[in-house]
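Trainee: Could you have a look at this structure, given as structure tokens, before my questions?
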Amino acid sequence: MALRAAPLPPARRRSADWRRAIAQAYFPLDLDFRDASRFDGALAMWKIGEVSLSRLTSEALRYRRHPRHLRAASGEEEYLVTVPVTSPVSFSQCGKDVHCRPGGFILERSHEPYEFAHAAHADLWVLKIGATLLAGRLRAPDRFCSLAFDASDGAGGLLADLLPLLPKRLASLGPASRATVGRQLIDLLVLAVTEDPRTLTCGASAVRAAHLTRIETIVRARLADGALDADSVAGAAGISVRYLHDLFRDTGQPLGQWMRGLRLEAARAALADPGCRETVAGVAYRAGFADHAQFSRSFRAAFGQAPRDYRKAHRQAAET
């Protein structure tokens, strides 16, 4: 999809077209134009597996996500990952203000009110990722919407370098390759976030946050082990079972429920991947489900479809 707002006279038509384009690419927002009569902008969007990538260039603009937008919202929460190229952006959500210069990136939640603005002409690369997909790789990603991350070096730099290259190559990639690239973009994003030492102190004490990060690493590495339980997780983390449950009480989600969610998301991602040739039973086993019937019931409850039907629907969508 590609749209350019100029020349589209008169100003009312120009601003209305831009609002519609923004709502289609991301979600509905209120827009404050510095000068609607002279506004110029361009927006292009590409689908990369379960991730969407867009490039947005425009004159100075302010975007607002209000509670009324949230009341009208349907569907899953989404995250935007914004990488400014030419000028700084400001972002405010949940009482936290972030200023991000070129060479950085920020995360934005769709299901909380926010304000996003740039005071000069901006060139932005934006990833849109479903909350379930991101949370399957990064525990409680909403913790990180108050930070600007480094996109000049390390995993963040690699992610920022890749984004402008992708549109030139996507036409030569099939559905399975696109799905793989989409997952790799998320993996790079997660690496960029988790390698930042500040993430250990977001929303909890440094010690408790460090324990939770270590536990998450242990569980993800042993997800296929159906016997993984609180005793073995606590032993691997070097803490007591009581303290383990106490840590998860702070998160508002019991350990068992969190582990089941990780397993279901791992299975869902595999079934949505056109390149995955494993049987449904094999996918379930690799995600840590020894009982296929229980897996099918849990999957249907979480995603509204039986595993086999979910895979079929995604393969058909990838072929169209």
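The values are calculated or read from the model by the stated rules, or taken from the named source; none is laboratory data. It should be emphasised that the depicted structure is a prediction, and the values quoted were computed from it without experimental measurement. Reconstructed Cβ throughout: ideal geometry from the backbone, glycine too, with neighbour counts over all protein chains shown.
Trainee: Check 104, 157 and return the single one that is surrounded by fewer than 16 Cβ atoms within 10 Å (Cβ to Cβ), touching a helix residue (DSSP H, G or I) at 6+ places or on another chain (Cβ under 9 Å) and either assigned by TED's automatic domain parsing to the domain that holds residue 221 or farther than 21 Å from residue 22 by Cα (or both).
Mentor: So the residue among 104, 157 that is surrounded by fewer than 16 Cβ atoms within 10 Å (Cβ to Cβ), touching a helix residue (DSSP H, G or I) at 6+ places or on another chain (Cβ under 9 Å) and either assigned by TED's automatic domain parsing to the domain that holds residue 221 or farther than 21 Å from residue 22 by Cα (or both) is 157.
Trainee: Could you tell me which numbered condition residue 49 fails, if it satisfies all but one of (1) at negative phi; (2) modelled with pLDDT under 95; (3) not polar (S, T, N, Q)?
Mentor: Of everything listed in (1) at negative phi; (2) modelled with pLDDT under 95; (3) not polar (S, T, N, Q), residue 49 misses just condition (1).
Trainee: Within segment 188-214, restricting attention to residues that are outside any helix (DSSP H, G or I) and hydrophobic (A, V, I, L, M, F, W, C), which residue is modelled with the highest pLDDT?
Mentor: The selected residue is 202.
Trainee: Those residues that are assigned to a helix (DSSP H, G or I), charged (D, E, K, R) and closer than 30 Å to residue 37 by Cβ, I need them from segment 59-84; list them, please.
Mentor: Of everything in segment 59-84, just one residue is assigned to a helix (DSSP H, G or I), charged (D, E, K, R) and closer than 30 Å to residue 37 by Cβ, namely 68.
Trainee: May I ask you to say which residue of 149, 248 is aromatic (Phe, Trp, Tyr) and modelled with pLDDT of 90 or more?
Mentor: After ruling out the rest, the residue left standing is 149.
For every residue, the table says whether it meets (1) in the same structural domain as residue 214 (by TED's automatic domain parsing); (2) farther than 26 Å from residue 76 by Cβ; (3) hydrophobic (A, V, I, L, M, F, W, C); (4) surrounded by 15 or more Cβ atoms within 10 Å (Cβ to Cβ).
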{"position": "230", "(1), (2), (3), (4)": "yes, yes, yes, yes"}
{"position": "234", "(1), (2), (3), (4)": "yes, yes, yes, yes"}
{"position": "248", "(1), (2), (3), (4)": "yes, no, yes, yes"}
{"position": "270", "(1), (2), (3), (4)": "yes, no, yes, yes"}
{"position": "276", "(1), (2), (3), (4)": "yes, no, yes, yes"}
{"position": "294", "(1), (2), (3), (4)": "yes, no, no, no"}
{"position": "302", "(1), (2), (3), (4)": "yes, no, yes, yes"}
{"position": "314", "(1), (2), (3), (4)": "yes, no, no, yes"}
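Trainee: Let me spell it out: the conditions are (1) under 23 Å from residue 283 (Cα atoms); (2) exposed (fewer than 14 other Cβ atoms within 10 Å of the Cβ); (3) in contact (Cβ under 8 Å) with a residue 12 or more places away in the chain, and residue 266 meets all of them except one. Which number is the exception?
Mentor: Answer for residue 266: the failing condition is (2).
Trainee: Within segment 43-53, can one find any residue that is more than 18 Å from the chain's Cα centre (by Cα), in the same structural domain as residue 74 (by TED's automatic domain parsing) and of a type in the set (S, T, N, Q)?
Mentor: No - not one qualifying residue is present in segment 43-53.
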